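The structure appears right after this line, and notes come after that.
The values are calculated or read from the model by the stated rules, or taken from the named source; none is laboratory data. What you see is a predicted model; the values in this text were computed from it and never measured. Cβ placement follows ideal geometry from the backbone for every residue including glycine, while neighbour counts extend to all protein chains displayed.
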Amino acid sequence: MSANPTLKPAVSVIGLGMMGTALAAAFLKTGHQVTVWNRSHSKTGPLAAQGAAPADTAADAVAASPLVVVCLSTYDTVRAVLEPLSGQLTGKTVANLTNGTPEQARDLAAWAAKEGAAYLDGGIMAVPQMIAGPHAYVLYSGPQGVFDAHRETFAALGGTKYVGEDTGLASLYDLALLTGMYGMFAGVLQAYALIGTEAITATEFSELLVPWVGAMLASAPAMAAAIDSGQHLTDVSSLAVNQAAFPNLLSTFAAQGVSGELFAPVQGLLDRAIAEGHAADGLSRLADLLRTAPAGPPDAALAV
């Protein structure tokens with residue numbers, strides 16, 4: 001009997017935390033044969049009920065499928081699971097969707113190559129509940145031919161965004177996007193803390209805050225154009241204006257009994273921008289400053 005030409009490729013998923021479970025469920029829903037493994041075997045139960053095949057060991061999971069998707073807590077955990085499988089990864093493709101750094105991704109790719117495995121690194125831009133939905137996507141980096149070979153399988157998880165042959169690029173994109181997210185949430189939480197000092201509920205205030213933050217984010221493309229062109233002059237709000245106004249935030253935090261530790265470094269960066277002659281520029285100039293070390297006093301050890 002000939003093989004069914006419509007049968008979708010088998011996938012093994014290693015790591016069944018909330019995200020790994022969501023990934024495995026998405027593969028199952030799109031018709032893939034899915035093998036799952038987790039150090040706590042009990043986590044395989046709900047997926048087994050959906051049709052997944054639980055593996056007794058990580059080696060069994062690797063042996064079951066040509067594509068092994070790894071989603072664990074850290075790269076150290078990934079290595080702890082994969083390195084004992086030396087000699088068993090030859091011919092496999094490992095797609096590691098664990099959050100990490102570009103350097104970690106490149107190091108693991110080099111190790112996988114020595115093991116005869118193809119390696120892709122990935123960054124998941126979604127929470128578990130978003131997987132397979134319209135707003136979820138996963139960043140991938142590594143050999144394009146390897147990505148292309150598995151693109152249709154990866155589509156089960158959501159959008160696929162290939163960012164380059166350098167294996168570390170998916171992590172770099174991922175961390176840069178998370179940087180924007182954490183910066184936004186830091187401001188939102190600081191705002192809630194401040195407004196709450198006068199018994200105004202966060203829920204009430206959110207009705208003003210959400211559209212305001214959204215409106216301000218609309219300026220991000222213009223900032224990007226300024227950064228790419230190196231032309232930072234602005235007709236909106238200069239760094240001199242921002243430097244003069246920023247102490248009002250810090251003094252109000254203090255007066256209202258709210259910590260200013262999230263925002264105090266911004267004042268130092270604004271002060272540095274002015275000291276370096278950028279008073280007329282817009283906020284986009286700060287991105288350039290963040291990529292350069294501040295000028296400091298001479299090394300004390302050299303002073304005489």
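Just a few scattered comments:
- For segment 145-177, the candidate set comprises residues that are of a type in the set (G, A, S) and assigned to a helix (DSSP H, G or I); within that set, the residue that is surrounded by the fewest Cβ atoms within 10 Å (Cβ to Cβ) is G145.
- For segment 195-207, the count of residues that are free of Cβ contacts under 8 Å to residues at least 12 places away in the same chain and at positive phi is at least one.
- In the set A244, A220, only one residue is surrounded by 12 or more Cβ atoms within 10 Å (Cβ to Cβ) and of a type in the set (G, A, S); that residue is A244.
- Residues of segment 31-86 that are on the phi > 0 side of the Ramachandran plot and touching a helix residue (DSSP H, G or I) at 6+ places or on another chain (Cβ under 7 Å): G51 alone.
- The number of residues in segment 69-106 being free of Cβ contacts under 8 Å to residues at least 12 places away in the same chain and under 26 Å from T179 (Cα atoms) comes to 1.
- Checking E103, E152 one by one, the residue that is under 17 Å from T74 (Cα atoms) and in the same structural domain as Y75 (by TED's automatic domain parsing) is E103 and no other.
- Filter pass, L249 being closer than 25 Å to A293 by Cα, touching a residue at least 12 places away in the same chain (Cβ under 8 Å) and not charged (D, E, K, R): no
- Filter result for T44 (part of a strand (DSSP E or B) and surrounded by 17 or more Cβ atoms within 10 Å (Cβ to Cβ)): no
- Here T21, T30, T93, T101 are screened, and the one residue that is touching a His at 6+ places or on another chain (Cβ under 8 Å), at pLDDT 95 or above and within 25 Å of M130 (Cβ to Cβ) is T93.
- Counted residues, segment 19-36 - those being assigned to a strand (DSSP E or B) and out of contact with any Leu (no Cβ under 8 Å at 6 or more places or on another chain): 1
- Restricting segment 223-241 to residues that are under 29 Å from the mean Cα position of the chain (by Cα) and among the small types (G, A, S), the residue that is surrounded by the most Cβ atoms within 10 Å (Cβ to Cβ): A226
- Annotation for segment 178-191: at least one member residue is touching a residue at least 40 places away in the same chain (Cβ under 8 Å), at negative phi and surrounded by 16 or more Cβ atoms within 10 Å (Cβ to Cβ).
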